[in-house]
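Please read the structure below before turning to the comments.
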Amino acid sequence: MQEKDWILLEEVDYLFRKVVRRFVKERDKVSVEGISLPGILILNTVLREGDQRLGELAEQLDFTSGAVTALCDKLEASGYAIRKRSDTDRRSVVLGITPSGREMIMRNKDSGSIIIDEIFGCFTNEELKSAVTFLNRLNVQVEGLSDNVIKRIEASVNQTTAKSVNESESQSDSELDRPNRFISY
């Protein structure tokens, strides 16, 4: 097994977190006719797939249920969407798109292409194919991350606790620490 290069791993971790934060920060600055990009995403989903339960939207778009509720409040207040009882299950509330919402989406139909091109248009097709492969692997790796991390931390703590205090005290600080050039956990 290849030895881990902690400097490289920490740099990738740092840059990944930086890209995610910067993307969210920049995305949230964009407004199309008073609606944020996540709101546009919700409207496009409802336009494409028909009325949607809010929980389904949250799951499908990887938003929290609270974020979807807030976005739907804004869409409804703007007259672009409407909440209504489901035709198939009267206990369930779904989000539908209004004629004004349809018109707004049609006026701004190029906004998605513009965003994608702005982010990824500078890359070659080969770079994009590599990115798809990398991101698919990363997505699989992140699935269950919290459970896996908690288990590993608990195992590490148990292993460390099992060692004698004298053993730990005899190690130098450099043996206990790894190099850390980047802001890390």
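The values are calculated or read from the model by the stated rules, or taken from the named source; none is laboratory data. Everything numeric in this text was worked out from a predicted model, so none of it was measured. Reconstructed Cβ throughout: ideal geometry from the backbone, glycine too, with neighbour counts over all protein chains shown.
Working only within segment 14-27, note down all residues that are closer than 24 Å to ASP73 by Cα and within 13 Å of the chain's Cα centre (by Cα). The answer is PHE23, VAL24, LYS25, ARG27. Once segment 85-94 is narrowed to residues that are within 12 Å of LEU54 (Cβ to Cβ) and outside any loop (DSSP other than H, G, I, E, B), the residue that is modelled with the lowest pLDDT is VAL93. For segment 158-171, indicate whether the set of residues that are over 27 Å from GLY55 (Cα atoms), part of a helix (DSSP H, G or I) and modelled with pLDDT of 80 or more is non-empty. Yes: segment 158-171 contains one or more residues that are over 27 Å from GLY55 (Cα atoms), part of a helix (DSSP H, G or I) and modelled with pLDDT of 80 or more. Looking only at residues of segment 19-57 that are of a type in the set (Gly, Ala, Ser) and out of contact with any helix residue (DSSP H, G or I) (no Cβ under 6 Å at 6 or more places or on another chain), we find that the one that is nearest to ILE97 (Cα to Cα) is GLY50. With the structure loaded, tell me whether ILE97 is touching a residue at least 60 places away in the same chain (Cβ under 8 Å) and touching a helix residue (DSSP H, G or I) at 6+ places or on another chain (Cβ under 9 Å) or whether it fails that test. No: the conditions fail for ILE97. Apart from one condition, LEU145 fits all of (1) out of contact with any Ser or Thr (no Cβ under 6 Å at 6 or more places or on another chain); (2) modelled with pLDDT of 95 or more; (3) among the aliphatic types (A, V, I, L, M); the exception is (2). On inspection, ARG102 fails the criterion of being surrounded by 12 or more Cβ atoms within 10 Å (Cβ to Cβ), at pLDDT below 95 and farther than 30 Å from ILE183 by Cα.
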